[in-house]
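Remarks on the structure that follows.
Read-outs: derived from the displayed coordinates by stated rules, not from any lab. Quantities reported herein were computed from a predicted structural model and do not represent experimental measurements. Here the Cβ is made from the backbone with ideal geometry for all residues, glycine too, and neighbour counts use every protein chain on show.
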Amino acid sequence: MAQVHMSEAEVAKDFAAALEKVRQGAEVVVERNHQPVAVLRAAVPERRNISDSIALAQRRDKERGYTVPLDPEFAAEVEHIVANRKPWNPSVWD
């Protein structure tokens, strides 16, 4: 990950430019008197495991008043896969 050093004044003057650098994949080090004060980096996306996703799909949507139907066979297949999964050990060729 590329690092970009910017002074507090530069960031305060054009915060949008600093965020654009972050969006492009850079890490912005904010400095005062050439000393790091803060680091701006992209947020880590929220991740869900499969069981959380199934629970979310089955949850009743209170605002809209409906339940998301989940095919019982699909749910059973996913549960079987989750229960029987093995660690992924790719070969050196993968």
> What distance in nm separates the simple spin-label points at N89 and A17, each placed 7 Å from Cα in the Cβ direction?
Replying inline: 5.3 nm
>> Can you list residues from other chains, or at least 5 along the same chain, whose modelled amide H is less than 5 Å from the amide H of V4?
In response: E27, V28, V29
> Applying 1/(1 + (r/R0)^6) with R0 = 30 Å to the Cβ-Cβ distance of F74 and V44, what FRET efficiency is obtained, to the nearest 0.05?
Replying inline: 0.55
